[in-house]
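Visitor: One structure coming up, written as structure tokens, with questions to follow.
The values are calculated or read from the model by the stated rules, or taken from the named source; none is laboratory data. None of the values given here were measured: they were computed from a predicted structure. Backbone-built Cβ (ideal geometry, glycine too); neighbour counts: all protein chains shown. All accessible areas refer to the heavy atoms of the entire protein, side chains included, with ligands and DNA or RNA removed. Shrake-Rupley method; radii C 1.70, N 1.55, O 1.52, S 1.80 Å.
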Amino acid sequence: MASESNEAGEVPALAAEAVLQVSEEIPEGAEEVKGYDFNDGVNWDKLMDSYKYVGFQSTNFGLAIEQINQMLDWRLSQEPIREGEVEDPEIRANTKCKVFFAYTSNLISSGLREVIRYLVQHKLVDVIVTSAGGIEEDFIKCLAPTYLGDFALKGRDLRLIGMNRIGNLLVPNSNYCKFDDFMNPILDAMLEEQKTQGVVWTPSKMIHRLGKEIDNPESVYYWAYKNNIPVYCPSITDGSIGDMIYFHSYKSPGLIIDIAGDIRGMNDEALNAKKTGMVILGGGLAKHHTCNANLMRNGADFSVFINTAQEFDGSDAGARPDEAISWGKIKINAKPVKLYAEATLVFPLIVAKTFARVVEEEKRKQKI
């Protein structure tokens with residue numbers, strides 16, 4: 001029943017004011033929400049470009065592409081010359097943003113390994129950070145394949161037939177036996193060089209050596225070795241490599257892997273850079289180690305996080321870039337992007353619009 005205080009046909013003032021509140025003017029240049037119109041045909045470039053204007057994670061996808069392109073296109077020549085800084089125009093034009101690329105081990109187990117290898121092969125990243133599985137699974141794939149399986153396969157049944165499951169991937173346990181055969185003579189040689197030549201083996205130096213020994217262009221770390229791209233892995237013993245070192249310590253004790261020896265190298269990579277960018281797939285050690293190195297320069301200039309983790313539990317994996325700003329790991333005036341997505345689904349598409357663009361542009365220049 002209508003309120004007796006209102007005349008017949010009169011809208012209640014409170015309701016009208018609440019529902020029909022007048023908006024302020026939209027700022028000039030505000031972008032409208034709009035999706036791709038397939039009536040225009042299938043144009044892959046335009047389709048990808050349209051993501052930024054769709055909203056939700058599609059917009060973050062588009063912003064991630066923009067952020068990576070900014071780090072790839074930056075040159076010191078774009079900045080004003082500071083006191084004591086190099087003035088040579090050619091040097092400034094060739095000084096690029098240092099790109100830190102970090103990822104979790106499962107992504108090497110997946111087919112994203114080939115995308116990662118492409119980036120390293122073409123020297124599109126400058127520093128790599130990953131966990132132990134992100135190292136060993138690359139070499140193991142050079143020795144024997146990983147297979148597609150199913151998330152629903154029973155662990156008990158798989159264990160009885162010597163099959164290891166990584167999500168919906170299957171790795172026969174015999175692959176690790178082949179890895180043991182590959183690793184043992186290298187560990188023997190490393191121990192001998194430690195004893196006779198005084199070589200101090202850090203994880204990065206060990207990975208460099210493994211990349212040389214695998215001698216296979218399918219390997220990510222073969223190309224890291226060839227292109228002299230440092231690979232940092234402070235958790236090098238947390239996986240099959242650790243198992244091999246453990247077994248080796250019984251047969252030929254004495255090998256030392258100096259984890260502390262890499263921390264100066266990693267932190268100096270950030271400290272001595274004119275500009276830094278971080279592209280981080282997943283969370284955990286790879287994410288934190290990369291961000292912490294950039295703390296040494298009061299934060300990275302460009303950052304893209306791609307993962308599915310949420311921040312409600314206080315985990316580093318789920319932490320949004322704004323939390324990293326509070327720690328000095330991303331600069332306060334930066335415009336970082338977190339894309340909530342599963343990396344195998346979105347990262348190849350991002351590469352197509354960013355890193356691969358650089359390679360294709362260089363090919364076109366060489367043809368002219």
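Visitor: Six or more apart or on different chains, Cβ atoms under 9 Å: show the pairs whose first residue is in the range 151-180 and under 19 Å from L112 (Cα atoms) and whose second is in a helix (DSSP H, G or I) and small (G, A, S).
Guide: R165/G155; I166/S105; I166/S109; I166/G133; G167/S109; L169/S109; V171/S109
Visitor: Step by step: first the residues of the range 80-97, then only those that are open to solvent by 50 Å² or more (accessible area, probe 1.4 Å) and touching a Lys or Arg at 6+ places or on another chain (Cβ under 9 Å), then the one that is nearest to G284 (Cα to Cα). Which residue is that?
Guide: Among those residues, the one meeting the criterion is K96.
Visitor: Next question. Take the conditions closer than 16 Å to A144 by Cα and touching a Pro at 6+ places or on another chain (Cβ under 7 Å) and apply them to M183. Does it pass?
Guide: Answer is no for this residue.
For every residue, the table says whether it meets (1) out of contact with any Ser or Thr (no Cβ under 9 Å at 6 or more places or on another chain); (2) at pLDDT 95 or above; (3) of a type outside the set (D, E).
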position	(1), (2), (3)
G242	no, yes, yes
Y246	no, yes, yes
L255	no, yes, yes
I259	no, no, yes
I280	no, yes, yes
N292	yes, yes, yes
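Visitor: Which numbered condition in (1) closer than 19 Å to T59 by Cβ; (2) open to solvent by 30 Å² or more (accessible area, probe 1.4 Å); (3) not in a helix (DSSP H, G or I) is the only one that L349 fails?
Guide: Condition not satisfied by L349: (3).
Visitor: So, E218, is that one open to solvent by 40 Å² or more (accessible area, probe 1.4 Å), under 28 Å from E114 (Cα atoms) and either part of a helix (DSSP H, G or I) or not aromatic (F, W, Y) (or both) or not?
Guide: Yes, satisfied.
Visitor: May I ask you to say which residue of Y176, Y147 is closer than 21 Å to S249 by Cα and over 19 Å from the mean Cα position of the chain (by Cα)?
Guide: Answer to the check: Y176.
Visitor: Oh, and also: Kindly list the number of the only condition in (1) surrounded by 13 or more Cβ atoms within 10 Å (Cβ to Cβ); (2) farther than 27 Å from A341 by Cβ; (3) without any contact (Cβ under 8 Å) to a residue 40 or more places away in the chain that fails for T59.
Guide: For T59, the exception is condition (2).
Visitor: Restricting to the range 300-316, name every residue that is over 21 Å from D73 (Cβ atoms) and either out of contact with any helix residue (DSSP H, G or I) (no Cβ under 6 Å at 6 or more places or on another chain) or crowded, with 23+ Cβ neighbours inside 10 Å (or both).
Guide: Answer for the range 300-316, where residues must be over 21 Å from D73 (Cβ atoms) and either out of contact with any helix residue (DSSP H, G or I) (no Cβ under 6 Å at 6 or more places or on another chain) or crowded, with 23+ Cβ neighbours inside 10 Å (or both): N307, T308, A309, Q310, E311, F312, D313, G314, S315.
Visitor: Could you list, ordered by first residue, the pairs with Cβ atoms under 7 Å in which the first is in the range 34-52 and in contact (Cβ under 8 Å) with a residue 24 or more places away in the chain and the second is open to solvent by 50 Å² or more (accessible area, probe 1.4 Å), at least 6 apart or interchain?
Guide: M48/L349
Visitor: Taking the stated definitions as given, is E213 in contact with a helix residue (DSSP H, G or I) (Cβ under 6 Å, 6 or more places away or on another chain), open to solvent by 20 Å² or more (accessible area, probe 1.4 Å) and charged (D, E, K, R)?
Guide: Criteria met by E213.
Visitor: Would you check if there is a residue in the range 241-252 being touching a residue at least 60 places away in the same chain (Cβ under 8 Å) and assigned to a loop (DSSP other than H, G, I, E, B)?
Guide: yes
Visitor: Moving to a separate point now. Please work out if C142 is under 25 Å from F355 (Cα atoms), modelled with pLDDT of 95 or more and either touching a helix residue (DSSP H, G or I) at 6+ places or on another chain (Cβ under 7 Å) or not small (G, A, S) (or both).
Guide: In short, yes.
Visitor: Could I ask something else about it? Considering only residues that are open to solvent by 20 Å² or more (accessible area, probe 1.4 Å), touching a helix residue (DSSP H, G or I) at 6+ places or on another chain (Cβ under 8 Å) and either under 22 Å from I116 (Cβ atoms) or aromatic (F, W, Y) (or both), which ones fall in the range 267-291?
Guide: Answer for the range 267-291, where residues must be open to solvent by 20 Å² or more (accessible area, probe 1.4 Å), touching a helix residue (DSSP H, G or I) at 6+ places or on another chain (Cβ under 8 Å) and either under 22 Å from I116 (Cβ atoms) or aromatic (F, W, Y) (or both): E269, H289.
Visitor: How about the range 98-141: which of its residues are open to solvent by 10 Å² or more (accessible area, probe 1.4 Å), outside any helix (DSSP H, G or I) and farther than 25 Å from G167 by Cα?
Guide: K98, H122, K123, L124, D126
Visitor: Mind listing just one residue for me: the one in the range 167-206 that is touching a Phe, Trp or Tyr at 6+ places or on another chain (Cβ under 6 Å) and among the aliphatic types (A, V, I, L, M) and, of those, least open to solvent (accessible area, probe 1.4 Å)?
Guide: The selected residue is M190.
Visitor: Scan R320, R264, R297 and give me the residue that is basic (K, R), more than 24 Å from L63 (Cβ to Cβ), open to solvent by 10 Å² or more (accessible area, probe 1.4 Å) and free of Cβ contacts under 8 Å to residues at least 40 places away in the same chain.
Guide: Going through R320, R264, R297 in turn, the sole match is R264.
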